[in-house]
Amino acid sequence: MFGNIKHRLLTELRLWWHYKYRIFCGFIAFVLAFCCYNYVLNRKTASADVSLNYLEASSGLNPNNTKYNVYEVFSDEILENAIRGAGLGDRITADRLSGCIGFVPVDTGSASGDNYIATTYRITLNAANLDLGNIDAAELLKSICMSYRTYFVENYCDNQELLTQKLEKTDSGEPYLRLVQINQRINEIEKYLTARVNENKTFTDSNNNTFSELNKRIKNIVDYDIPNTTVYVIENGVAEDARTLSLLLSYKNRLGTMESEKDMEYYAADNRGVLAYEKAMTAIIVIPTTDENGDYYMSRTKTAMDELALSADRFLRDATSVKKEIVSTSYYLNKVAAAIPDEDKPEEVEAAATRLAKSRSMINSLEESINALSKDLFVLDKEFINYKAQSYLTFNYSTPSFIESTGFKRALIGGLFILACAFVMVYIKLYRDGKNENEKI
């Protein structure tokens, strides 16, 4: 029996050796065909992990505290921008592309009640049914991710609308009222810039600007340029239409007086409330509590008298501020009245016109400086937001090596398996042929 098995094995080995070149070529052809098929197939698929790396993500929110929506990646705006970015033009549509995309969570995220909020998602693209031309699925997926990041930054990161506004240069309008508008505008920019300086002083944009440098520029405008222009307008009583402006500011002063009187009445009422408390009722109350380090200390609680005292201080502060503004406006009104030219004296009329023209020139120069500052801040801030957003959204692309893309190992194993099966089948055939010969004998 064992002799027959040995004989059949030797016969089969001689047979394989006889056809060794054909077998070898067939094996190579199979491996190459399998590798080419896998390579073409893998060019049509791609995937990447999208990680949300900002504090609000753990609560299912965007950086601006709006609710995060995972399905926005399928929106027409994002996909159309991705198609254009990949240079596909009219080859595919956003609607067709959306059907080839998957976007699923890959982690359990953080617990929120009975729900789990994911902070990492996997985006997959199967472009087998898409006409991609000369690009592969990985390139298109990168374009989708970049389009998604751009959309995310523009819609959910810091709002730059404040910086896009401009002060318009004009040769008309009351200088005093234009200065009020300038002060409002510069206060808005200064507040925005101060927040950025506190966040990052050293970030440098493509124009070599930093928030610290722009902060110095705005300080010069606030501390020197605006006061100089304001002093010139007020001290010279500059006004385009003195009568109309006087009526407007006088009405404003009357409203301010009413507001100040109301605040003083509230201030007096709160003071009377404080005085009405009995000494026994205003005794200090302390309770045991702990600080940030967990150490115990005795904390003084606020009583109703404390609240009344704080309220009185607030009303007094508001009333004082309004009164100060009334005094300043009244001073300017007196200057305007004194500067009204005598129509019968051409030299006074000409001098008033000269002062008005100079004040407008100074204000236009101010507005140019503020607009230039706002423009530079917009560019710097946009680059800073993009810089921050790089850490907000990170993409980890799955990029297999050439060997992995071709599936060479699987092809090799598959080829060897086929050879093994062929070897067994030939052996079985030899066995049956030998058995049939024995039966004939």
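Coordinate-derived values only; no laboratory data. What you are looking at is a predicted structure, and each value in this text was computed from that prediction instead of being measured. Heads up, the Cβs are rebuilt from the backbone with ideal geometry, glycines too, and the neighbour counts pull from every protein chain shown.
With K and R counted +1 and D and E -1, the other residues having a Cβ less than 15 Å from that of Ile218 yield a net charge of -1.
What does the charge count around Thr170 come to, taking other residues whose C-beta lies under 13 Å from its C-beta (Lys +1, Arg +1, Asp -1, Glu -1)? Present the calculation step by step, with values, prior to reporting the outcome.
Numbers: positive: Lys166, Lys169, Arg178, Arg360; negative: Glu168, Asp171, Glu174, Glu240, Glu367, Glu368.
Neighbour charge sum, excluding Thr170 itself: -2.
Calculated FRET efficiency, Thr394 to Thr194, Cβ-Cβ distance, R0 = 30 Å: about 0.50 to the nearest 0.05. For Ala338, neighbours were defined as the other residues whose beta-carbon sits under 13 Å from its Cβ, and their charges (Lys and Arg +1, Asp and Glu -1) total -1. Extension gain, Ala29 to Lys169: 0.36 nm times the residue separation minus the Cα-Cα distance gives 42.7 nm. In this calculation the C-beta distance from Ser321 to Glu77 is compared with R0 = 41 Å, giving a FRET efficiency of 0.30.
First measure r as the distance between the Cβ atoms of Ala338 and Leu248, then evaluate 1/(1 + (r/R0)^6) with R0 = 30 Å and state the FRET efficiency to the nearest 0.05.
On the way: r = 18 Å, r/R0 = 0.61.
Taking R0 as 30 Å, the efficiency between Ala338 and Leu248 is 0.95.
Where a ≥ b ≥ c are the square roots of the eigenvalues of the C-alpha gyration tensor, would you call segment 163-392 rounded, which needs a/c under 1.5, or, failing that, prolate if a/b is larger than b/c, or oblate? Judged from the Cα gyration tensor, segment 163-392 comes out oblate (a/c at least 1.5, b/c at or above a/b). Using the structure shown, list the pairs from Lys142/Lys166; Lys219/Lys388; Lys169/Lys335; Lys67/Lys388; Lys166/Lys358; Lys216/Lys382 with a Cα-Cα distance above 30 Å, or answer none. In this structure, Lys142/Lys166 exceed 30 Å between Cα atoms.
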